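Read through the structure below, which is laid out as structure tokens, and then see the notes.
Laboratory data are not the source of any read-out in this text; all were calculated from the coordinates shown. On a predicted model such as this, the values are computed, not experimentally measured, just so you know. Quick reminder, even Gly has a Cβ in these numbers, built from the backbone with ideal geometry, and neighbours come from all protein chains shown.
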Amino acid sequence: MSIIIFIIILAILIFVHELGHFLVAKKAGIRVDEFGLGFPPRLFTKKWGETTYTLNAIPFGGYVKIFGEDSNIEQINETERSKNFQYKPKWVQASVLVAGVTFNLIFAWLLISIGFMIGMPSAFDYSNLDNKNNLESVYIGVLQDSPAQKVGLMSGDKIISLSSDRQSLKTDELIPEKIRELIDESQGEVEVIYERQNNSPVTVSVKPEYDSELERKTIGIMIGSQIVKLPIHWALIEGVHTTWLLTKETTIGLTGFLWKTITFRSNFSEVAGPVGIAGMVSQANNSGFIYLLFLVALISINLTIINLLPFPALDGGRLLFVAIETIIRRPINPVFVRWANGVGFALLILLMIIITGHDIFKLI
């Protein structure tokens, strides 16, 4: 069931991304030859106007075939130039290329805003907002292979109390700062009393582990101090705020990982491929719809950042080529562009295989 949910989520995110490219290209008067979900072989084909719409057998991908995007412009007939991507102004080309990630970011904002309307776990202070309600301490995440996960804790479990050999925290004292302090200063196990989806309280003992990067003891939980339910106007505003913060933190994290990769210090346990993401989808689905909603928004933000990297075969790489052509005032050799995109795509597939292999190895 989790695999099916994962495939549906992936299909939705790809559809949103490619829809951005499609709509902006159409608006700019560029011919779109094909809008496809998945990779061939084809299962369903329907031509409507100038565009062929296809549903393909391999669900991990999708594409929009834009007329002229990868063609040799010297071979384009004069009568076709008005609908050709290469003959549009550079700002139009850039708009088409950036539209996919823009739609992914807007989609994430909408999901997070809906979450705030339903009731979203959050670590931010909303005490200054009117009409807030249903505020209570909860977990918003449990890290994989962490001490907390090993004793059975899951995302969405509500903390009732925490106790160590030095201090004890009750519900009204459970703020992130005090929890971190209790765990870090503990000399033995930490007793956690929690509820799961309104069931009876459960007590477990967790042995904190020292995290060299954080330079303190942890049990592997990410804490949200409250479930926040907001009216529509506040939900949309806070959706923007949260989307911005998540985008900023994701960018910082990805930049740090890439730097470690370049300097041969990367740790692939920090990233997840399809297998790892499917596992996270399963955990979020078990925790409740709101956690699944938040995870989809987070994946959409990650796709936005990754696609903007200036690497061939990604939207960021194509934007880089457009920028170079704007500076040099002439087209880059189409053969070089196709070669660069082909090599870039092959390297991305290789990276995905490595990460997926690492995900599988962790499950063994």
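If you stretched the chain out fully between W259 and E191, how much longer would it get, using 0.36 nm times the residue separation minus the C-alpha to C-alpha distance?
So the extension gain works out to 20.7 nm.
Can you work out the Karplus-derived ³J(HN,Hα) for every residue in the range 235-246? Use 6.51 cos²θ - 1.76 cosθ + 1.60 with θ = phi - 60°, whole Hz, and x for glycine or proline.
4, 5, 5, 5, x, 4, 4, 5, 4, 5, 5, 5
What residues qualify as long-range amide H neighbours of I160, i.e. H under 5 Å apart, gap of 5 or more or another chain, H built at 1.01 Å from N?
For I160, whose amide H was placed from the backbone, the distant partners under 5 Å are I193, Y194, E195.
Based on the mean of other Cβ atoms within 10 Å per residue, sort peptides 313-324, 293-304, 175-186 so the most packed one is first.
293-304, 313-324, 175-186
Which of S164, L143, V202 sits closest to the plus end of the dipole of the range 138-224, meaning its Cα is farthest towards the positive end, when Lys and Arg get +1 and Asp and Glu get -1 on the C-beta?
Projecting each Cα onto the dipole axis, the largest value belongs to V202.
Report, in debye and to the nearest 20, how large the dipole of the range 138-224 comes out about its Cα centre when Lys and Arg carry +1 and Asp and Glu carry -1 on their Cβ.
260
Using each residue's phi in the range 327-336, evaluate 6.51 cos²θ - 1.76 cosθ + 1.60 at θ = phi - 60° and report the 3J(HN,Hα) Karplus result to the nearest Hz, with x for Gly and Pro.
6, 7, 6, 7, x, 6, 3, x, 5, 5
Grab the Cα-Cα distance for I252 and L55, subtract it from 0.36 nm times how many residues apart they are, and report the gain in nm with one decimal.
My answer for the length gained is 67.3 nm.
Go through the range 25-38 residue by residue and turn each phi into a ³J(HN,Hα) via Karplus (6.51, -1.76, 1.60, θ = phi - 60°); whole Hz please, and just put x for glycine and proline.
Coupling constants for the range 25-38: 4, 4, 4, 7, x, 8, 6, 10, 7, 8, 10, x, 9, x Hz.
Could you pull out every residue, at least 5 positions away or on a different chain, whose amide H is within less than 5 Å of the one on M222? Hs are placed 1.01 Å off N in the peptide plane, and Pro or chain starts have none.
Sorted by chain and number, the residues that satisfy this are I140, G141, V142, L143.
Mind giving me the nanometre distance, one decimal, between the label points for D184 and K47, set 7 Å out from Cα along Cα→Cβ?
Result: 6.6 nm between the two label points.
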